[in-house]
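The values are calculated or read from the model by the stated rules, or taken from the named source; none is laboratory data. This one's a predicted model, so the numbers in the text were calculated from it and none came from an experiment. Glycine gets a Cβ as well: all are built from the backbone with ideal geometry, and neighbour counts include every protein chain shown.
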Amino acid sequence: MSIIRNVAIIGASGNFGTPITNALSTSNFSITIITRLSSTTSHPSGIPVKRIAYDLTSLTKAFANQDAIICVVGPGGIPLQKIFIDAAIAAGVKRFIIDDFGWGPEAHGFDEFAAIHKQRREAWDYAAEKAQEHKDFTWTGLTTGNPIDWAMKKFPMMGFDVAKHEAIIYDDGTERFTGTTLEGIGQAVLGVLEHPEETANRFCKVQSIQTCQNELLEAFEKVTGEKWKVTKTTSKELIQSGKEDLHTGNGMWRLKLAVATLYDVSEGRGMVAASRQESDAELLGIKDESAGDIAAKLLR
């Protein structure tokens, strides 16, 4: 396919949209931000912003002359992907990066996430169906797994309270999982756009690191030069608590089971790929990071 130059981003100011926008703003791509008419969110100066209604006519007009659309809307916008895809096809867009940035179609998650996964899969399947019907339209999904630096800083339940220098170690702390940093997520999108042929009509698996809790704790203690207070618990207890929350209507069940995805003993739920070589990290130019890199970044 021809070279991608003009790129529009939907959801540019979100948790993942921000690093994606940052990565593209330092590249040779020409970027446009697409957002709702009602949005009051500020965006980086120098990047054109189109505030539009999210209907087929308005979207098609906004997507005109764009080579690629990056969809990174929040959970509430996931059902809108079908209309985004229809508008992209009507406007002659070559590549649509679907909104996943999670565990992808091969997710080995808990059954409780089935409804969420089903909603996301509807958009993936729709993109694949439309790519079959329109030879000039292609799509890419990015399976990034745990957004490790963002999640670890935001959710101490993940095992590390960076402000207090305290840790929660689940089981023996050796269950391995993969993670992709915010910088890595931005680079993954950049890599897809730079390698349109190799990334067309498929999910790409990416990761910045494969690690475990013990490695991270050792790295945090090394960077801070002190022993952290450690509390021990089990992934089984966390899973049970999450399922009880779901039963009682407590929204915390999502976070508890998301964390348990990483640490559920011997299940490998938190692995995007068994190794970096089995992922697309090298193709997309994602930096290989260590536990020490992550610790230093969070304590900076």
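One table, with the values for the structure above:
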{"read-out": "Residues satisfying the stated conditions in segment 270-286, i.e. charged (D, E, K, R) and under 16 Å from the mean Cα position of the chain (by Cα)", "value": "D280"}
{"read-out": "A23, sole failed condition from (1) under 23 Å from T143 (Cα atoms); (2) assigned to a helix (DSSP H, G or I); (3) in contact with a Ser or Thr (Cβ under 9 Å, 6 or more places away or on another chain)", "value": "(3)"}
{"read-out": "Verdict on I85 being modelled with pLDDT of 95 or more, in contact with a Phe, Trp or Tyr (Cβ under 7 Å, 6 or more places away or on another chain) and crowded, with 21+ Cβ neighbours inside 10 Å", "value": "yes"}
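Yes/no matrix, rows are residues, columns are (1) farther than 28 Å from F96 by Cα; (2) of a type in the set (A, V, I, L, M, F, W, C):
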residue: G159; (1), (2): yes, no
residue: V162; (1), (2): yes, yes
residue: E166; (1), (2): yes, no
residue: G173; (1), (2): yes, no
residue: G191; (1), (2): no, no
residue: K205; (1), (2): no, no
residue: S208; (1), (2): no, no
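So that you can scan it fast, the table gives a plain yes or no per residue for (1) of a type outside the set (V, I, T); (2) crowded, with 23+ Cβ neighbours inside 10 Å:
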| position | (1), (2) |
| --- | --- |
| I168 | no, no |
| I185 | no, yes |
| L193 | yes, yes |
| N201 | yes, no |
| V206 | no, yes |
| T211 | no, no |
| G225 | yes, no |
| K232 | yes, no |
